[in-house]
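The values are calculated or read from the model by the stated rules, or taken from the named source; none is laboratory data. Predicted, not measured: the structure shown is a model, and the values here were computed from it. Glycine also receives a Cβ, built like all others from the backbone with ideal geometry; neighbour counts cover every protein chain displayed.
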């Protein structure tokens, strides 16, 4: 049986929204624009969500798919 590795994400509040770090690597940025949250990865907008929680979920999904 393989051991599962725990992954710890760090969400850092910024002036424009939040940055999501995995260790020393920034995996996504969530910016608040006009009452919505825009998920940005590698300089590209990948999703728009109404709530921060939905935006965070989209960022994690996109990161998992890009590995």
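Name every residue in the stretch 8-17 that is on the phi < 0 side of the Ramachandran plot and either touching a strand residue (DSSP E or B) at 6+ places or on another chain (Cβ under 7 Å) or at pLDDT below 75 (or both), in order of residue number. Within the stretch 8-17, 9, 10, 11, 12, 16 meet the criteria.
Scanning the stretch 47-60 for residues that are more than 16 Å from residue 10 (Cα to Cα) and surrounded by 18 or more Cβ atoms within 10 Å (Cβ to Cβ) yields a single hit, 47.
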